[in-house]
Amino acid sequence: MKLNTIIQGDCLEVMKKIESNSIDCLITDPPFSIGTTSTGNKGSWLDNNLIRPFFSIWFAEVKRVLKDEADWYINTDWRTYPFLYPIATEYLSVKNCIVWDYEWIKAGSHYRFSHEFILYGNKIDGLKRKFEPSKENRDVWRIPPVNFTQEKNHPAEKPVNLIKKMLENSTKKGDLVLDTFLGSGTTAVACKELQRNFIGIEIDPKYIKIANERLAQEVLF
């Protein structure tokens, strides 16, 4: 499979074409489709019955393509976390629930939102951490979001600095990173800046266009 390119399609179908044990790190942001949408609109927990089979297949494919020493990061929120966590533990080793502190206050009808969660782990149990212990490497990360004062490329866009922290902690130059829900391309941009290879999968051509425009700002390494 060609590296450092964005592939349009259903991630479950595209992942079948990725070689087993070939990915050094997974970094991705699935849609917040359990109980709510990424823009905060209320959904239904009855949707779980429809979505669980998808994520069961997805986690099985993630396990297949990751190298044994690989780390992984999945962005989520407090409403989606209870659904994803038990499925993740069926296939992978979960090590932390990282709290991403926005250092910003978003909308909310009661206590206003100022954080999201990041599930973090390894493919298999018993791996040592790749990063050094420090006050920066605790389970609360204070990184400003892409907020309403900036032009956003995607409703659920993550800041490049958030993804770069994951890359710096869990990968090295030349490693291969997979994002199966690439959106507007933040993971790809961060990989480019830090000289990591990537495979990005996105189903919506609108966001593929935006991601490619972001990547075209400089020549790929």
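Matching residues to (1) modelled with pLDDT of 95 or more; (2) assigned to a loop (DSSP other than H, G, I, E, B); (3) in contact with a strand residue (DSSP E or B) (Cβ under 9 Å, 6 or more places away or on another chain); (4) more than 26 Å from GLU13 (Cβ to Cβ):
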| residue | (1), (2), (3), (4) |
| --- | --- |
| GLU151 | no, yes, no, yes |
| ASN161 | yes, no, no, yes |
| LYS164 | yes, no, no, yes |
| VAL177 | yes, no, yes, no |
| SER184 | no, yes, yes, no |
| ALA188 | yes, no, yes, no |
| CYS191 | yes, no, yes, no |
| GLN195 | yes, yes, no, yes |
| PHE198 | yes, no, yes, no |
(request) Sort through LYS173, LYS164 and tell me the only one that's out of contact with any Gly (no Cβ under 8 Å at 6 or more places or on another chain) and surrounded by 13 or more Cβ atoms within 10 Å (Cβ to Cβ). (result) LYS164
(request) Please go through region 136-149 and pick out each residue that is of a type outside the set (Lys, Arg) and assigned to a loop (DSSP other than H, G, I, E, B). (result) GLU136, ASN137, ASP139, ILE143, PRO144, PRO145, VAL146, ASN147, PHE148, THR149
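Listed residues ILE87, ILE105; which is in contact (Cβ under 8 Å) with a residue 24 or more places away in the chain and not charged (D, E, K, R)? I'd like the intermediate steps shown before the answer.
Details: ILE105 fails: in contact (Cβ under 8 Å) with a residue 24 or more places away in the chain.
Being in contact (Cβ under 8 Å) with a residue 24 or more places away in the chain and not charged (D, E, K, R) holds for just one of ILE87, ILE105, which is ILE87.
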(request) Return yes or no: is PRO133 in contact (Cβ under 8 Å) with a residue 24 or more places away in the chain and either surrounded by fewer than 18 Cβ atoms within 10 Å (Cβ to Cβ) or assigned to a loop (DSSP other than H, G, I, E, B) (or both)? (result) no
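Can you report the number of residues in region 100-125 which are within 22 Å of ILE87 (Cα to Cα) and surrounded by 15 or more Cβ atoms within 10 Å (Cβ to Cβ)?
Narrowing region 100-125 to residues within 22 Å of ILE87 (Cα to Cα): 100, 116-125.
So of that shortlist, the ones also surrounded by 15 or more Cβ atoms within 10 Å (Cβ to Cβ) come out as 100, 116-123.
Result for region 100-125: 9.
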(request) Would you check which residues across region 170-221 are among the polar types (S, T, N, Q) and in contact (Cβ under 8 Å) with a residue 24 or more places away in the chain and list them? (result) SER170, THR171, THR180, SER184, THR186, THR187, GLN195, ASN197, ASN212
(request) Name every residue in region 114-125 that is part of a loop (DSSP other than H, G, I, E, B) and free of Cβ contacts under 8 Å to residues at least 24 places away in the same chain, in order of residue number. (result) SER114
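The values are calculated or read from the model by the stated rules, or taken from the named source; none is laboratory data. Keep in mind that what you see is a predicted model, and the values were worked out from it rather than measured. Counting neighbours? That spans all protein chains shown, and the Cβs are built from the backbone with ideal geometry, glycine included.
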